[in-house]
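Here the structure comes first, spelled out in structure tokens, and everything after it is commentary.
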Amino acid sequence: MSDTPWTSPMPEPQFELMRRILAAPSPVGLEAAMTYGVLKPHFESFAPTGWQLRQFKGHAGVVLDTHPGRDDLFKVMVIGHADKIRMQVRSIGEDGKIWINSDSFLPNVLIGHEVTLFSEDPAAPGRYRRIEGGTVEALGAIHFSDPAQRDGSKGIKKEQLYLDLQIHGENKKQQVENLGVRPGDSILFNRPIRHGFSPDTFYGAYLDNGLGCFVTAEVARLIAEAGGTEQVRVLFAIASYEEIGRFGSRVLAGELRPDAIIAVDVNHDYVAAPGIGDRRMQPLEMGKGFTLSVGAIASEQLNRIVETTAREHDIPMQRDIVGADTGTDGMAGVLAAVDCVATSIGFPIRNMHTISETGNTRDVTAAIHAITRTLQALDALPDPHREFQDNHPRLDEAGALGHQGADKPGKHDNT
């Protein structure tokens, strides 16, 4: 295996694991398909004797604990979230249309796409059936839209969205009701992950945030293969409810009280994002490495260790500016009122919350190895607890900086 895997294409077996994790149907509140169906057996396949898989009552999150019971050790929680945004049945019309809620999707990105409806059996609560072959619609045809919708000056309202199961004939509403479809049933895109046209790219639905779960699982595997840690107790966490307010991760943080949190979640490729030039966003770009959050509650001390480790191993990194909120499970500690350092690591993707989210495998691999090496660097500290208690940055001790000239670094380098 290469010593710098982030410089090479992702091996196909690893890509297939990523694809399986991303494919698991795990809408908010129904995350067990990913956590119990894919990740739990995967964790159990490599976890050394003594590691423990923790399960929870109120949600389907799981945590792989490297040192169960060792509260004296410095605890680091690495968090991905398994929940996906989803559409949901709102009501059933007399004409057989299944009116739906769009959740966190833009209504116009849904039109015409194939979906799968997951219906709980009314006769057997807790048992689910799958209905495929439907598409999301709103207007029916351009011929039925007004001129403002045709030229794009008027959009589609979320109330216009419906699932079309091609119902026809008599008693159309009854045909749908006979299936047991009810308000509240979940609907997900039917869109598998595929390799992209450009090298090292891939695309499909729900990179947010099966990718963070994949990275967390791969870090766990690499730590296990390296013999584990001694001073650091790592909690490899797969959370729920992130998309509705980071509720799942704050429960995990409140229950397990980590000393440090590293959230792993998708980020934006701002360079490729259309129409936002006047916002002057940080030029994060797909293919240029993992991202590290700066600002909000992100710990400068933890970031220093991440950045130093990445530089030592030549792992490409991009600095992200997050303002008042990381927008990720990195906020779990403060939301749960737990004293811990935290940061958020990600990878720029395009078209977030659409059917064609697009990422780069090298960025994902860079994040995997940056987090792995960071955990090992924390484990090598003389006393991780004191490291963070005693070394808060002091801006009153900042040295003066003068003008550095106009030459670019390396301009006069003779090597």
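The values are calculated or read from the model by the stated rules, or taken from the named source; none is laboratory data. None of the values given here were measured: they were computed from a predicted structure. Heads up, the Cβs are rebuilt from the backbone with ideal geometry, glycines too, and the neighbour counts pull from every protein chain shown.
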### Query
Does the stretch 110-131 contain any residue that is hydrophobic (A, V, I, L, M, F, W, C), surrounded by 16 or more Cβ atoms within 10 Å (Cβ to Cβ) and over 28 Å from GLN174 (Cβ atoms)?
no
### Task
Being of a type in the set (Gly, Ala, Ser), without any contact (Cβ under 8 Å) to a residue 60 or more places away in the chain and under 26 Å from ALA33 (Cβ atoms) narrows it down to one of GLY140, GLY184, GLY112, so name that one.
GLY112
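Return the residues of the stretch 161-185 that are assigned to a helix (DSSP H, G or I) and among the hydrophobic types (A, V, I, L, M, F, W, C); say none if nothing qualifies. So that I can check it myself, show each step before the final result.
Step one: of the stretch 161-185, the residues assigned to a helix (DSSP H, G or I) are 172-178.
Result: VAL176, single match.
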### Task
Evaluate the stretch 102-119: report whether one residue or more is at pLDDT below 95, assigned to a helix (DSSP H, G or I) and over 22 Å from the mean Cα position of the chain (by Cα).
yes
### Residues of the stretch 1-49 classified as exposed (fewer than 14 other Cβ atoms within 10 Å of the Cβ), farther than 28 Å from GLY289 by Cα and free of Cβ contacts under 8 Å to residues at least 24 places away in the same chain, total
4
### Task
State the number of residues belonging to the stretch 46-65 that are polar (S, T, N, Q) and either closer than 19 Å to VAL251 by Cα or in a helix (DSSP H, G or I) (or both).
2
### Task
Give the stretch 93-107 a look and list any residue that's surrounded by 15 or more Cβ atoms within 10 Å (Cβ to Cβ) and of a type outside the set (Ser, Thr, Tyr), or say none.
GLY96, LYS97, ILE98, TRP99, ILE100, ASN101, ASP103, PHE105, PRO107
### Task
Identify the single condition in (1) over 21 Å from ALA239 (Cα atoms); (2) in the same structural domain as ILE368 (by TED's automatic domain parsing) that PRO107 does not satisfy, given that it satisfies every other one.
(2)
### Query
Do you know which of the residues in the stretch 143-162 that are of a type outside the set (A, V, I, L, M) and modelled with pLDDT of 90 or more is farthest from GLY96 (Cα to Cα)?
LYS157
### Message
If a residue counts only when it is at pLDDT 95 or above and β-branched (Val, Ile, Thr), which strands (runs of 3 or more DSSP E) contained entirely in the stretch 268-381 have at least 3 such residues?
### Response
341-349
### Query
Can you tell which of ARG90, ARG86, ARG70 is of a type outside the set (A, V, I, L, M, F, W, C), within 22 Å of ASP265 (Cα to Cα) and either modelled with pLDDT under 95 or surrounded by fewer than 22 Cβ atoms within 10 Å (Cβ to Cβ) (or both)?
ARG86
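Out of curiosity, is ALA272 in the same structural domain as THR66 (by TED's automatic domain parsing) and closer than 27 Å to GLY50 by Cα? It would help to see each step written out before you state the result.
On the way: in the same structural domain as THR66 (by TED's automatic domain parsing): yes; closer than 27 Å to GLY50 by Cα: no.
Here the answer is no, as ALA272 does not meet what is asked.
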### Query
Taking the stretch 160-181 on its own, how many of its residues are free of Cβ contacts under 8 Å to residues at least 12 places away in the same chain and closer than 29 Å to GLY126 by Cβ?
3
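Which of the residues belonging to the stretch 361-415 are of a type in the set (Lys, Arg) and free of Cβ contacts under 8 Å to residues at least 12 places away in the same chain? Spell out the reasoning first.
So the first thing to find is which residues in the stretch 361-415 are of a type in the set (Lys, Arg), and the list is 362, 373, 386, 394, 408, 411.
Hits for the stretch 361-415 are ARG386, ARG394, LYS408, LYS411.
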### Query
If you scan the stretch 195-241, which residues turn out to be among the β-branched types (Val, Ile, Thr) and either assigned to a helix (DSSP H, G or I) or modelled with pLDDT under 95 (or both)?
VAL215, THR216, VAL219, ILE223
### Query
Can we say GLY134 is closer than 26 Å to GLN175 by Cβ and surrounded by fewer than 19 Cβ atoms within 10 Å (Cβ to Cβ)?
no
